[in-house]
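The values are calculated or read from the model by the stated rules, or taken from the named source; none is laboratory data. In this text, all values refer to a predicted model and were calculated from it rather than measured experimentally. No Cβ is skipped: glycine too gets one built from the backbone with ideal geometry, and neighbour counts run over all protein chains shown.
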Amino acid sequence: MKLQTLAEERLIYKTRAGVELWLKAHKIKKYTINEDLTVDVDRDVEIKNKHLLFLPVRFGVVTGNFSIIKCSLYSLEGAPREVGGDFYCYENQLTSLEGAPREVGGNFSCMENQITSLEGAPREVGGGFYCSNNLLTSLKGAPREVGGNFYSFRNKLTSLKGAPREVGGDFYCDDNQLTSLEGGPREVSGNFDCYGNKFISEPDHSHIKIGGVFKWE
């Protein structure tokens, strides 16, 4: 019954009138509905505390921030392909980042979900990247460059392989199950925190250029 309801709801929003109805219901303004029914928005989009499960319309380019928080989302299908500001999808039911934007000019936060892989994450993030409080065992699929902080604490990481090459702010990987820092970033402009892992002694970090303070215990 639930699947039938979801299928019916998807069908409703496959028309221009249906898409417009959904946008107005969620108070989204300054939008353009394209011929393929994707939606571009020239301002912020904020959807919070809704029981959506999925995005029934497909967004294209959002020039401002895009926030879909505490909406019980199981999938990022329909999320914008490009976000000029921040992208927030924290506190949902996501298990993957498939469907996430390819470009994010500001911060990207997917904290407090049930994500097991970063595959599908943006390749570059202009601000910080926040994936803490998930179920990650590796950082494979993470952006190659992050302009701000990179937070991956409180996961189940056993390796840093796949971490960004360069992090413009702080790098936090504390409270995981790491035994070494192999595969970590080459350069971190800020602090590097890795306490609360399974190190017997101070882990080798000679291969990482750290601009701030290194903390392992």
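Just a yes or no: is a residue in segment 102-123 under 23 Å from Asp174 (Cβ atoms), of a type in the set (Gly, Ala, Ser) and in contact (Cβ under 8 Å) with a residue 24 or more places away in the chain?
If we filter segment 102-123 for residues that are under 23 Å from Asp174 (Cβ atoms), which is where we start, we get 107-118, 121.
With of a type in the set (Gly, Ala, Ser) added as a condition, the list becomes 109, 117, 121.
Next, only the ones that are in contact (Cβ under 8 Å) with a residue 24 or more places away in the chain stay: 117, 121.
Yes, because at least one residue in segment 102-123 is under 23 Å from Asp174 (Cβ atoms), of a type in the set (Gly, Ala, Ser) and in contact (Cβ under 8 Å) with a residue 24 or more places away in the chain.
Filtered by the rule that a residue be under 22 Å from Asn107 (Cβ atoms) and polar (S, T, N, Q), segment 151-197 gives Ser152, Asn155, Asn176, Ser189, Asn191. Filtered by the rule that a residue be over 21 Å from the mean Cα position of the chain (by Cα) and hydroxyl-bearing (Ser, Thr, Tyr), segment 172-188 gives Thr179, Ser180. Number of residues in segment 9-32 that are buried (at least 16 other Cβ atoms within 10 Å of the Cβ), among the β-branched types (Val, Ile, Thr) and not in a loop (DSSP other than H, G, I, E, B): the value is 1. In segment 53-64, the qualifying residues are those that are more than 22 Å from Ile115 (Cα to Cα) and touching a residue at least 24 places away in the same chain (Cβ under 8 Å), and the one that is surrounded by the fewest Cβ atoms within 10 Å (Cβ to Cβ) is Gly60. Taking Gly120, is it touching an Asp or Glu at 6+ places or on another chain (Cβ under 9 Å) and among the small types (Gly, Ala, Ser)? It is true that Gly120 is touching an Asp or Glu at 6+ places or on another chain (Cβ under 9 Å) and among the small types (Gly, Ala, Ser). Taking Gly169 as the residue in question, decide whether it is in contact (Cβ under 8 Å) with a residue 40 or more places away in the chain, surrounded by fewer than 22 Cβ atoms within 10 Å (Cβ to Cβ) and either closer than 29 Å to Glu77 by Cα or of a type in the set (Val, Ile, Thr) (or both). Considered against the rule, which asks whether it is in contact (Cβ under 8 Å) with a residue 40 or more places away in the chain, surrounded by fewer than 22 Cβ atoms within 10 Å (Cβ to Cβ) and either closer than 29 Å to Glu77 by Cα or of a type in the set (Val, Ile, Thr) (or both), Gly169 comes out as no. Pairs linking a residue in segment 200-217 that is over 14 Å from Ser180 (Cα atoms) to a residue that is loosely packed, with under 13 Cβ neighbours inside 10 Å and among the charged types (D, E, K, R), with Cβ atoms under 8 Å and 6 or more positions apart or on different chains, are Lys209/Arg186. Taking segment 106-116, which residues are crowded, with 20+ Cβ neighbours inside 10 Å and either out of contact with any Asp or Glu (no Cβ under 9 Å at 6 or more places or on another chain) or at pLDDT below 95 (or both)? Result: Cys110, Ile115.
Can you confirm whether segment 189-211 contains a residue that is part of a loop (DSSP other than H, G, I, E, B) and in contact with a His (Cβ under 7 Å, 6 or more places away or on another chain)? The answer is no, given that none of the residues of segment 189-211 is part of a loop (DSSP other than H, G, I, E, B) and in contact with a His (Cβ under 7 Å, 6 or more places away or on another chain).
Within segment 175-199, the set of residues being touching a Gly at 6+ places or on another chain (Cβ under 6 Å) and touching a residue at least 40 places away in the same chain (Cβ under 8 Å) comprises just one member, Gly190.
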